[in-house]
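The values are calculated or read from the model by the stated rules, or taken from the named source; none is laboratory data. Worth saying up front: this structure is predicted, and the values here are computed from it rather than measured. Heads up, the Cβs are rebuilt from the backbone with ideal geometry, glycines too, and the neighbour counts pull from every protein chain shown. Keep in mind that these areas ignore ligands, DNA and RNA; they rest on the heavy atoms of the full protein, side chains included. Shrake-Rupley method; radii C 1.70, N 1.55, O 1.52, S 1.80 Å.
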Amino acid sequence: MFFGITDIWTYVIGAFLIVLLPGPNSLFVLSTAAQRGVRDAYRAAAGVFIGDSVLMIASAAGAASLLMSNELVFTIVKYAGAGYLAYIGLSMIWGAWRARAVTGDVETPAISPDPFRKALVISLLNPKAILFFVSFFIQFVDHTYAAPALSFLILGAILQVFSVLYLSALIFGGTFLAGQFRQRKVLSAGLTTGVGAVFLGFGAKLATTSL
């Protein structure tokens, strides 16, 4: 046992695979990189990093138990998150084609001037994430250990290291795509529309989840 962690290598493998799963956070960072470049993409990644950290701390502090025991609170957070994801998706679809129709060019209307704030909100307005964190972490923490908070801290740090590495790969991949998009405006608008549709799908999926 390592600082109250029962099977750290199983956790490391699981955390790595979980980070690779596509979700609204990683998709938003990739979109920001493709449309705004490395600097703004890392601002978005910082929002994801801080948002996930808050959710992990809240999970360890018992916020997940509150969501699981209070259906009204869960419903409010769930629909707020679903609505925000749908708003982002519609903004992407509308903005890409509106910009092309008006100017003949595809600009960057889908990404706000503050990608950090938008990524932070996307991360925080996800009740499934906080429930996931506590249900995943609890499998690897020995609750007879004298300092379980330390165990949660180590598990969270491992997950965040993987997240930073993965988001960095997406950022530099996104900047490469940006160069391709500048030469193919219709393709750029089409792919932005596709990303917007995926966000709508994320919102619909979140809205239909239950405790």
inquiry  = Go through (1) at pLDDT 75 or above; (2) closer than 21 Å to Phe140 by Cβ; (3) among the aliphatic types (A, V, I, L, M) for Ala44 and report which single condition fails.
reply    = (2)
message = Among the residues that make up the stretch 152-160, is at least one of them of a type in the set (Phe, Trp, Tyr), open to solvent by 40 Å² or more (accessible area, probe 1.4 Å), part of a helix (DSSP H, G or I) and modelled with pLDDT of 70 or more?
response = no
ask   = Would a scan of the stretch 122-132 turn up a residue that is in a loop (DSSP other than H, G, I, E, B), open to solvent by less than 60 Å² (accessible area, probe 1.4 Å), at pLDDT 75 or above and of a type in the set (A, V, I, L, M)?
value = yes
